[in-house]
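The values are calculated or read from the model by the stated rules, or taken from the named source; none is laboratory data. Since this is a predicted model, take the numbers as computed values, not measurements. Positions of Cβ are backbone-derived with ideal geometry, glycine not excepted, and every protein chain shown enters the neighbour counts.
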Amino acid sequence: MKFKSALILPLFLYACGGSPDAPSPDAVEVQQEATKNGVKGKGKKVRKSYTAEELNEPYSRVSPWRYIVTSPETQYFERIVGKSTISRDVHNSGHAVLVPQDPTYTFDKEWKGILDEGQEAALDRYVKAHVVVGIKGPKMLEGQYENLNGDPVTIERNAMGELVCGGARLLGKEVETDAGLVIPVVGMVEPIRWD
């Protein structure tokens, strides 16, 4: 009898939840105007349902975190953000995220040490340095901002007319998501500050 119950429960959960390989993203809360009895109420949080395609297509526009997870060019940054304690902030903070593309990490392997035990604070600092507060939209990137570490961030044009932020070059492929702006970059926004 114990064997049957041990077998039935996983089968039941599998039937309810779908494929075990399917991603199970956190529900994304978006601010929308709720209409109730013909009266609009602002500021109410409602859950928006996304299709499997919206969640999993390359360059998902659901949130910066979903973009990082689905983009084929961000596998290294996905590992870094996923191991940090602020992945939820990246997912739904509404801020802009400077997302380093894979070539940033393929030439210099020193970054792997940030995933080691004992480097948790350095890891969080590194991820927070990529989350920028105050960018209004993809057309208004140049300016002075602040990252989640509280440090100043400057996006400016270099001598060649390219937009840069610290040691990173913006690629001009900004993506607006429901929960913040994604700004793909190549290069380190700032050096890793090790513990």
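Which is of a type in the set (Asp, Glu), in contact (Cβ under 8 Å) with a residue 40 or more places away in the chain and over 14 Å from LEU148 (Cα atoms), of GLU117, GLU57, GLU78, GLU73? Walk me through how you get there before you give the answer.
Working: GLU117 fails: in contact (Cβ under 8 Å) with a residue 40 or more places away in the chain; GLU57 fails: in contact (Cβ under 8 Å) with a residue 40 or more places away in the chain; GLU78 fails: in contact (Cβ under 8 Å) with a residue 40 or more places away in the chain.
None of the other options fit; the residue is GLU73.
Looking only at the range 141-153, decide whether some residue is modelled with pLDDT under 95 and within 18 Å of the chain's Cα centre (by Cα).
If we filter the range 141-153 for residues that are modelled with pLDDT under 95, which is where we start, we get none.
No; the residues of the range 141-153 include none that is modelled with pLDDT under 95 and within 18 Å of the chain's Cα centre (by Cα).
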Here the residues within the range 94-133 that are loosely packed, with under 12 Cβ neighbours inside 10 Å and within 25 Å of ARG61 (Cα to Cα) are PRO103
Conditions (1) under 24 Å from TYR145 (Cα atoms); (2) at pLDDT below 80 -> ASN92 fails only (2)
Cβ-Cβ under 7 Å, sequence separation 6+ or interchain: first residue in the range 151-167 and touching a residue at least 60 places away in the same chain (Cβ under 8 Å) and surrounded by 12 or more Cβ atoms within 10 Å (Cβ to Cβ), partner aliphatic (A, V, I, L, M) and in a loop (DSSP other than H, G, I, E, B). Which pairs? CYS165/VAL189
Among the residues of the range 134-150, count how many are loosely packed, with under 15 Cβ neighbours inside 10 Å and of a type outside the set (D, E, K, R). 6
For TYR126, state whether it is within 16 Å of the chain's Cα centre (by Cα) and of a type in the set (Phe, Trp, Tyr). yes
Might you check whether a residue that is modelled with pLDDT of 95 or more, more than 18 Å from PRO64 (Cβ to Cβ) and either in a strand (DSSP E or B) or acidic (Asp, Glu) (or both) occurs anywhere in the range 171-189? no
Subset of the range 49-73, residues of a type in the set (S, T, N, Q) and in contact with a Lys or Arg (Cβ under 7 Å, 6 or more places away or on another chain), comes to SER60
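Any residue that is under 18 Å from ASN92 (Cα atoms) and part of a strand (DSSP E or B) - is there at least one of those in the range 147-161?
Let us first name the residues in the range 147-161 that are under 18 Å from ASN92 (Cα atoms), namely 147-149.
The next check asks that each one be part of a strand (DSSP E or B); those that pass are 147.
The answer is yes, given that some residue of the range 147-161 is under 18 Å from ASN92 (Cα atoms) and part of a strand (DSSP E or B).
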